[in-house]
């Protein structure tokens with residue numbers, strides 16, 4: 001039904017988009033294409049993909065009645081994203097796509113600033129595959145230049161022109177380019193297009209704080225950890241009555257094809273069992289790798305704390321030894337007081 005809404009209830013186009021979706025999953029995710037879309041490290045996203053998701057380079061908002069709104073800022077990335085961009089878009093589409101987005105499409109704002117950013121991916125064939133299989137279409141794409149003062153206008157104009165050409169080549173349609181001579185002017189232009197200030201970052205005059213995205217990421221990981229332990233489909237086997245009696249089924253006795261059907265059935269079951277075991281082994285290997293990566297910094301921290309504890313114990317032992325030496329020297333019996341010192345001490349006692 002999701003793909004039917006995207007294609008305006010054209011069954012042929014919807015079936016084509018659904019087939020392209022699973023083809024994209026197979027091409028983009030490789031061995032992980034059947035795993036769930038999660039940030040836990042044991043799903044379809046790899047650890048490299050998860051690191052890019054958590055940078056906040058792409059923030060998505062749900063707008064009731066208007067479809068999704070995405071803010072892209074590639075300057076928040078520290079390295080090229082490669083094909084991770086396609087997997088991340090599939091991930092966001094799987095958790096954010098709603099009926100309004102399927103009907104109205106997605107609106108994207110791509111921020112252009114003078115900060116350094118990695119080399120973009122311009123593989124048009126991969127973008128065609130992603131756009132053909134996504135459960136939503138791109139309705140509007142805006143390249144917005146961030147205002148950074150009079151001295152950087154020429155640089156931002158060039159970067160905005162460059163990003164417009166790159167995006168037009170990748171998406172096969174040229175986006176809108178928005179530029180203003182002030183921060184307030186940029187914000188007003190975006191608000192006149194129906195965009196809200198709370199969805200725009202500070203570099204565009206908005207009030208959105210990226211700390212909110214970090215909080216959303218932590219919440220999403222907690223939810224996905226909980227959901228990963230639940231079955232994908234509900235189990236209704238316990239609801240079947242134990243006293244149910246099935247009606248007898250009349251079947252025509254098979255001829256010589258009976259043995260052949262049994263062999264084919266057994267071969268199909270064996271293949272399914274093999275692929276199921278392979279998927280389970282792959283998931284377990286990913287669990288082992290993820291927990292190994294999480295355990296490595298804990299081991300380093302434990303070694304550092306053990307070293308500090310050994311140093312503290314050595315300092316305490318040296319201090320105690322020094323105290324015992326001072327007490328022994330103050331009470332050394334070899335040093336006897338003279339008669340004059342004894343009389344002086346006795347005379348100084350107040351009775």
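Readers should treat all values here as calculations from the given coordinates under stated rules, not as data from a laboratory. This structure is a prediction, so every number in the text was calculated from the model and none was measured. Note: ideal-geometry Cβ built from the backbone for every residue, glycine included; neighbour counts use all protein chains shown.
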### Message
Less than 15 Å from a label point 7 Å out along the Cα-to-Cβ axis of residue 125: which backbone N atoms in region 7-44 qualify, by residue?
### Response
24, 27-28
### Message
If I model a spin label as a point 7 Å beyond the Cα along the Cα-Cβ vector, how far apart are those points for residue 9 and residue 299 in nm?
### Response
6.0
### Query
In whole Å, how far is the Cα centre of region 56-106 from that of region 120-142?
11
### Gyration tensor verdict on region 1-118 (Cα atoms; rounded if a/c is under 1.5, prolate if a/b is larger than b/c, oblate otherwise)
oblate
### Query
Kirkwood hydrodynamic radius for region 62-147: how many Å is it when counted over pairs of different Cα atoms?
13.9
### Query
For region 266-333, treating each Cα as an identical point scatterer without solvent, what Debye log10 I(q)/I(0) comes out at q = 0.15, 0.18, 0.22 1/Å?
-0.74, -0.82, -0.93
### Query
How do 134, 1, 47, 189 rank when sorted from fewest to most other Cβ atoms within 10 Å of their own Cβ?
1, 47, 189, 134
### Query
Could you state the principal axis extents of the C-alpha atoms in region 2-226, from the largest down, to the nearest angstrom?
51, 37, 33
### Task
Mind ranking 279-289, 25-35, 106-116 by how tightly packed they are, going by the mean number of other C-beta atoms within 10 angstrom, highest first?
106-116, 25-35, 279-289
## Note on the structure
Note: residue 98 to residue 274 extended length (0.36 nm per residue) minus current alpha-carbon separation gives 59.8 nm
### Message
Counting just the Cα atoms, what span does region 112-200 cover along each of its three principal axes? Round to the nearest Å and put the largest first.
### Response
40, 28, 18
### Query
Any idea how far the Cα center of region 193-225 sits from the one of region 263-283, in Å?
43
### Relative packing of 12-24, 304-316, which averages over residues the other C-beta atoms within 10 Å, highest first
12-24, 304-316
### Query
On full extension of the chain, what length is gained from residue 223 through residue 281, given 0.36 nm per residue of separation minus the C-alpha to C-alpha distance?
18.5 nm
### Query
Which ordering of 71, 166 is given by a fewest-first count of other beta-carbon atoms within 10 Å?
166, 71
